[in-house]
Structure formats: structure tokens, C-alpha cells
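Enquirer: Supplied in C-alpha cells, the structure appears directly below.
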Amino acid sequence: MRAHDFSINRRALLKAAAFAPLATLPGIAIAASPAPAGLTSITRGAVPIGRDERHARIGRAQELMQRQRIGAIIVEPGSSLDYFTGVRWHRSERLTAAVIPAAGDPIIITPYFEEPSVRETLGVTAQVRVWQEDEDPIKLVADALRERNFAGLPVGIEETVRFFASNGIARALPSISVESANPVVRGVRMIKTPAELALMQAASDVTIAAYRSVIPRIREGMTPAEIAKMMNDATTALGGEPEFALILLGEASAYPHGSGKPQAVRDGNVVLMDCGCTVHGYQSDISRSFVFGKASAEQRMVWDQVAQGQQIARAAAKVGVPAGNVDDAVRQQYQAWGYGPGYKLPGLSHRTGHGIGMDGHEPVNLVHGEATLLAPGMCFSNEPGIYIPGKFGIRLEDCFHMTDAGPEWFSTPPTSIDAPLG
């Protein structure tokens, strides 16, 4: 909630990790796994995004720019800059930005003393132009736009670009209109290629393998921080970069992003784990909920309803239908069970899912009213949790990508509260 084919090795490693059930978690049939010291990387076969793929991305963006009558787009450091150019850099008061024109090579503007560092990750053919500490970087951006945007077409601003940059460009080029670059950036990034899907699969495999290592080793009295550390250690050992590990225990599970109150594992309480990692820039996001000890009848009922909710969402996700229809289908059934109505509690207080890729949350969302039509290559989380304030919550979350034949899971949802890993 809160990015090609090496499947044979992956399956062999996961199969080898299975051991006998652990008796200290009564009611949960989980195969125990070795401690992190015994884990080895399962991502050695993962192939990073290469130069040809990034050039193809720029080409698709330029096609969209020409179709949309946009002369260039401006991108600051972040996932979009990495996506198009490979440059992995941070934001500061010193502007680094890329001008990606509708035709021709991109231009990277960066401080003079940062140029060597910026070039280390540059993964496409591009000019790098530098500015000194006593110079105005906006002038270099404006000069690049004058050179590349011959027709004086509107300039698209990527949605995370800061105001001082977009406003400075508008003031420096008053004759050129400034508008959103979403039709271009989203238009390219929302549709994942096979290389991207392979990295997202690798990240999901790491998270599932980490769960298999950690869940059997959870003990009564453990805190969220202790469990999160176990998860992050296992993720690292398996070859992923830990991105987040949200652990909600007992009543805290009723609040989607948790509570600041002290928590510890207790017999009969829900353990909700929402964890993800990154492999070569692409993310996973998987949630599992179970009961430490024996589950009550109510806990079992709600768990089963959420599991049904995941399948309802999957069945509603069809190529060519609005993304919002998926959320509507889940909410209709939940309301028939007495939850809600709408986003009210008890029930599902957040959207059914979000886009995912290089960012854990990307456009667009599986939320009521979202009109974007589902298309092959789009990737989403599927997490129709149910939350009962003052008591507990259940969230099961698995991500999928759209194909011509419908959704395909990155991780397989569990089918029983007694076997949260399947």
C-alpha cells in the first residue's frame, strides 16, 4: 500500500527454502525458512534497464509530444529523470533538470561541480550543460528551449517539478505557454515493457521470499521495529533494496497506516505486514495479514471477505474498462455485506489499488471515478482491506499487470488465514 525470464532459478530457490511447519504459531501452516544468514540473493539474473530501452522511451515520449503539439518537457531529479535518462540524482536548491525536446537529444542542466557525478549514471545520448554558482540555471533551461523548441510550442512540466523552476521558465519565456507534461510522461510510464515487468517480478519474488523467512520467526512480545528489521535484513540478503516495512499489531491494524501507540505481538491478535523492496529501480508492494495464535470467528470472516475482495477486483479489471470500475465492484459487494457505505468505516476506507512501477505509488489509481481505461502493461496493487476501528483490520495486497487476457499476478494471493503465504 504505502518498479526477462529467470523464473526457473527463482522457483528452484523458493522451493528449496521450504521446511517443516513451526509449532510456535498454532493455526498457521507456514513453512519455516532459514535465518537471514542462510539466505542468498535471488536477483543475480535481474537485468537492469539498458541504454536501448531508455532511448526507446524517449522516442515514445517524442511521438506523444508531436501528437500533443508539445515542444519539450522539463524533468527534475526523481524517478522520471531516471526513467528517461538514467540519471539518479537528488534535488536541492541547486537546479539539475533535463530538457527533453520533441525532436533531438535531451539536454541536462546541472551545476558545474556536479557534472562528473551526474554523468556517472547518464544512460542516453545527451548534452550536459553546466552553470556556475553565480549564474542563473533557468537561463540555461530557457536557452535550451529556444534551441530545441523551434516552433515555440507549449512546454510540458513534469508534475513533480518545483514551482520555482516552472515559474522561472514561464517568466524567462513569456511568449511560450507552460502546461502539464502528464499526457507525455504518464502516457509512456504507465505502460510497462517486458524488461520493466521482469524487474517488478524480481522485486515481488524477493518480498515473498523474505516473508517466508520472517513470518515463522515472529514471537510473542516482538515489536513492529523488531519485525521490520527482520524483514529488511532478509530482503537485503535476498538481493533487494528495502523500501518500507510497515508492521501493524492488534488494534493498530484497524488503521491503514498504523498508530503511534506501543504495540507488541500478542496471542489472538492480528499481525498486518505491508512490505516492499526495489530491484534495479522497480518496486514491490505486498501485504499479508494473519493471527498470532488462534483466530476468532470474526477475524476469519473478515479475512475471507478481503480475500474475496481481491478476486472481485481482479475479475473487474478488464482491458478497455475505466480503472474506477474495479473499486466500484469491490465496494458494491462490501456494502452488501454491511460495510461502508462508500469509504466509511467499518469497511474499506482507501482506494482498492494504486499504480506501481519505479515509484511505489504511481498514476493511475483503482479508485471511484477514475476514467482512465485499463490497457496492457499497466500495473496496480490490489488491496481491498477491511478495517474495524477499535478492533482490527485485514489487508491482503498483491500486485498485477494487465495483459490482453486480463490481469496477471506478480505474487499469488493466499487463500486461508491459516496459511498466509499459501
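The values are calculated or read from the model by the stated rules, or taken from the named source; none is laboratory data. Small disclaimer: the values here were computed from a predicted structure and weren't measured. Cβ atoms come from the backbone with ideal geometry, glycine included; neighbour counts cover every protein chain shown. Protein only, heavy atoms only, side chains kept; ligands, DNA and RNA dropped before computing areas. Shrake-Rupley method; radii C 1.70, N 1.55, O 1.52, S 1.80 Å.
Enquirer: Scan the stretch 258-272 and give yes if some residue there is within 21 Å of the chain's Cα centre (by Cα) and modelled with pLDDT of 95 or more, otherwise no. Explain how you work it out, then say what you get.
Expert: Going through the stretch 258-272, the residues within 21 Å of the chain's Cα centre (by Cα) turn out to be 258, 272.
With modelled with pLDDT of 95 or more added as a condition, the list becomes 272.
Looking for residues that are within 21 Å of the chain's Cα centre (by Cα) and modelled with pLDDT of 95 or more, one finds at least one in the stretch 258-272, hence yes.
Enquirer: Would you say H354 is on the phi < 0 side of the Ramachandran plot and either out of contact with any Gly (no Cβ under 6 Å at 6 or more places or on another chain) or of a type in the set (F, W, Y) (or both)?
Expert: Here the answer is yes, as H354 does meet what is asked.
Enquirer: Can you report the number of residues in the stretch 247-291 which are closer than 19 Å to S381 by Cα and of a type in the set (K, R)?
Expert: The total comes to 1.
Enquirer: So, one more: Within the stretch 19-128, which helices (runs of 4 or more DSSP H) (wholly inside it) include 2 or more residues that are at pLDDT 95 or above, farther than 30 Å from P420 by Cβ and touching a helix residue (DSSP H, G or I) at 6+ places or on another chain (Cβ under 8 Å)?
Expert: Details: elements: 51-68, 79-85, 115-121.
Result: 51-68, 79-85.
Enquirer: Same structure, new question: Listed residues D233, D205; which is open to solvent by 30 Å² or more (accessible area, probe 1.4 Å), acidic (D, E) and more than 14 Å from S289 (Cα to Cα)?
Expert: Values: D205 fails: open to solvent by 30 Å² or more (accessible area, probe 1.4 Å).
Result of the check over D233, D205: D233.
Enquirer: Please enumerate the residues belonging to the stretch 94-129 that are more than 27 Å from the chain's Cα centre (by Cα), open to solvent by 50 Å² or more (accessible area, probe 1.4 Å) and not basic (K, R).
Expert: Correct list: A103, D105, Y112, F113, P116, T125, Q127.
Enquirer: Still on this structure, I have one more. Are there any pairs, at least 6 apart or on different chains, whose C-beta atoms fall under 7 Å, with the first in the stretch 371-386 and closer than 18 Å to S411 by Cβ and the second aliphatic (A, V, I, L, M) and open to solvent by 10 Å² or more (accessible area, probe 1.4 Å), and if so, which?
Expert: Note: pairs meeting the criteria are M378/M190; M378/I191; S381/M1; E383/M1.
Enquirer: Which residues, counting only those in the stretch 147-190, are of a type in the set (A, V, I, L, M, F, W, C), assigned to a loop (DSSP other than H, G, I, E, B) and crowded, with 16+ Cβ neighbours inside 10 Å? Before you say what the answer is, go through the steps one by one.
Expert: As a first pass, look at the stretch 147-190 and keep what is of a type in the set (A, V, I, L, M, F, W, C): 150-151, 153, 155, 157, 161, 163-165, 169-170, 172-173, 176, 178, 181, 184-185, 188, 190.
With the extra rule that they be assigned to a loop (DSSP other than H, G, I, E, B), the set shrinks to 150-151, 153, 161, 173, 176, 181, 190.
Scanning the stretch 147-190 gives L153, V161, L173, I176, A181, M190.
Enquirer: So, in the stretch 240-274, exactly how many residues are open to solvent by 40 Å² or more (accessible area, probe 1.4 Å), among the acidic types (D, E) and assigned to a strand (DSSP E or B)?
Expert: The total comes to 2.
Enquirer: Do you know which residues across the stretch 313-337 are open to solvent by less than 60 Å² (accessible area, probe 1.4 Å), of a type outside the set (A, V, I, L, M, F, W, C) and in a loop (DSSP other than H, G, I, E, B)?
Expert: Passing the criteria: only G320.
Enquirer: Another question, then. Out of curiosity, is S213 among the polar types (S, T, N, Q), assigned to a helix (DSSP H, G or I), open to solvent by less than 30 Å² (accessible area, probe 1.4 Å) and more than 30 Å from R69 (Cβ to Cβ)? Break it down into steps so the answer makes sense when it comes.
Expert: Values: among the polar types (S, T, N, Q): yes; assigned to a helix (DSSP H, G or I): yes; open to solvent by less than 30 Å² (accessible area, probe 1.4 Å): yes; more than 30 Å from R69 (Cβ to Cβ): yes.
Considered against the rule, which asks whether it is among the polar types (S, T, N, Q), assigned to a helix (DSSP H, G or I), open to solvent by less than 30 Å² (accessible area, probe 1.4 Å) and more than 30 Å from R69 (Cβ to Cβ), S213 comes out as yes.
Enquirer: Another question about this same structure. When both residues are 6+ apart or on different chains and their Cβ atoms are under 9 Å apart, which pairs have a first residue that lies in the stretch 270-292 and is among the hydroxyl-bearing types (S, T, Y), and a second that is open to solvent by 10 Å² or more (accessible area, probe 1.4 Å) and assigned to a strand (DSSP E or B)?
Expert: Close Cβ pairs satisfying both conditions: T278/E241; T278/P242; T278/E243; S284/E243; S284/T278; S287/L246; S289/F392.
Enquirer: Next up: Return the total of residues in the stretch 275-312 being open to solvent by less than 50 Å² (accessible area, probe 1.4 Å) and under 26 Å from T403 (Cβ atoms).
Expert: Of the residues in the stretch 275-312, 18 are open to solvent by less than 50 Å² (accessible area, probe 1.4 Å) and under 26 Å from T403 (Cβ atoms).
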